[in-house]
Amino acid sequence: MKKRITSKFNSRQYMLSEDYEVFYYSDLHFHSVNLHTHDYYELYFFEEGSVEMEIGGDSYPLRHGDIILIPPEVKHRAVLTDPDMAYKRFVFWQSRNFARMMAEQSVEFKYMIAKTERERKYVYHADALTFNALRSKLFSLLDELSTDRYGKHTQVNIYIADLLLTLNRYVYEQDRSIGIKENSGRYEEITRYIDLHLDEELSLDRLAREFYLSKYYRVHLFQDRTGLSVHQYILKKRLEACCGSMLSGGSVGEAYRLWGFGDYSAFYRAFRKEYGMSPSAFLELYRSQR
């Protein structure tokens, strides 16, 4: 049975749950809301539309991949600059108590909140790889919330922890990369090369020959920047390319052969591990949201 996980927008600015609420909105002719505050944290993942976000007296034009964290009592609103465009976004509300509980479990869950409240930095931009991963995690969370499966509560908690850790890790690693210009330049050279040769054989020996990198330097360059090994990064990029190919109408078979997977079983295992579902289930879920 097709699950309906797209929420109908309503203007309430209070939580019904004590801990968290999650929504996926897709609207046409959205009417901008008035400036308002609320007593919980709002995470907002912008997917599509022509929107400016007013936060704390400043205006931020949004682009695909922007992530906004609005703390309690900060005035804000979304203003559509072209209401004829589809307006798509994920919204994740978490109460103060829930945020505190997560931080007590691990300090890694509070990095983004602490940074936002300390620096009044509300808007973050995720690269395509990271935003695609966050988007998949949000869809998995919403899908689980719509079921009554055995172990639902435990699975939901796992999905939320994974989502928040991924987000906090990304913000932390972006902060660490600031000022490391030499490594940043070399990292961008390598990732650009990987992007251009994803459909070819991309062994670690080939990258070492191309960029004269020692194994030690190569490992730390990627670990410090992404938390991934070079092999893991290439795998994620290939999976992202496969998703793009399938969502553009290509078959699963065409996608995995085109983007460097030797056989279907290797592709299937990697895809299921990354996205928590099979390629066919991923396509069905995407099509159900169009």
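Read-outs throughout are calculated quantities, based only on the coordinates presented, and are distinct from any laboratory measurement. In this text the structure is predicted, and so the values were computed from the model without any measurement. Backbone-built Cβ (ideal geometry, glycine too); neighbour counts: all protein chains shown.
Quick rundown of the values:
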{"read-out": "Check: region 181-288 dipole with +1 on Lys, Arg Cβ and -1 on Asp, Glu Cβ, in debye", "value": "280 debye"}
{"read-out": "Per-residue ³J(HN,Hα) for region 224-233, Karplus 6.51 cos²θ - 1.76 cosθ + 1.60, θ = phi - 60°, Hz, x for Gly and Pro", "value": "5, 8, 10, x, 10, 6, 4, 4, 5, 5"}
{"read-out": "Simple spin-label estimate for R169 and A208 in nanometres, 7 Å along Cα-Cβ", "value": "2.6 nm"}
{"read-out": "Label assignment, log10 I(q)/I(0) by the Debye sum over Cα atoms at q = 0.08, 0.13 Å⁻¹ derived from the structure, set (1) -0.38, -1.03; (2) -0.34, -0.96; (3) -0.51, -0.89", "value": "(1)"}
{"read-out": "Distance from region 252-282 to region 52-78 (C-alpha centre basis), Å", "value": "36 Å"}
{"read-out": "Peptides ranked, highest mean first, by Cβ atoms within 10 Å: ranges 66-72, 146-152", "value": "66-72, 146-152"}
{"read-out": "Integer Hz, Karplus 6.51/-1.76/1.60 couplings in order for region 239-244, x for Gly and Pro", "value": "5, 4, 5, 4, 4, x"}
{"read-out": "Lys/Arg +1, Asp/Glu -1 at C-beta; the chain dipole; positive extreme among Q105, L221, L198", "value": "Q105"}
{"read-out": "DSSP loop GluC sites (Glu not before Pro) with at most 13 other Cβ within 10 Å excluded, longest remaining stretch of the chain", "value": "74-199"}
{"read-out": "Nearest-0.05 FRET efficiency for E52 and A266, computed from C-beta distance (R0 35 Å)", "value": "0.20"}
